[in-house]
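Below: one structure, written as structure tokens.
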Amino acid sequence: MLGELNDRQIENLLSSQITGRIACSNDGVPYIVPINYYLDGEKILHIM
């Protein structure tokens, strides 16, 4: 767990990576989906 990040730390993290994960839970069972993305200034673009 990364803990709490400030805006600068969030920007640095997002701009230094291209893969993220979206997670949700159904009846206590986690489901995690990897995604590829690109940070374009203030916009995050999903890459398929």
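The values are calculated or read from the model by the stated rules, or taken from the named source; none is laboratory data. Values in this document were obtained by computation on a predicted structure and should not be read as measured data. Heads up, the Cβs are rebuilt from the backbone with ideal geometry, glycines too, and the neighbour counts pull from every protein chain shown.
Does Asp7 satisfy the criteria of being modelled with pLDDT under 95 and not basic (Lys, Arg)? Spelling it out, Asp7 is indeed modelled with pLDDT under 95 and not basic (Lys, Arg).
Is it the case that some residue within the range 2-18 is loosely packed, with under 10 Cβ neighbours inside 10 Å, in a strand (DSSP E or B) and without any contact (Cβ under 8 Å) to a residue 24 or more places away in the chain? For the range 2-18, residues loosely packed, with under 10 Cβ neighbours inside 10 Å, in a strand (DSSP E or B) and without any contact (Cβ under 8 Å) to a residue 24 or more places away in the chain: absent. Apart from one condition, Tyr37 fits all of (1) in a strand (DSSP E or B); (2) loosely packed, with under 10 Cβ neighbours inside 10 Å; the exception is (2).
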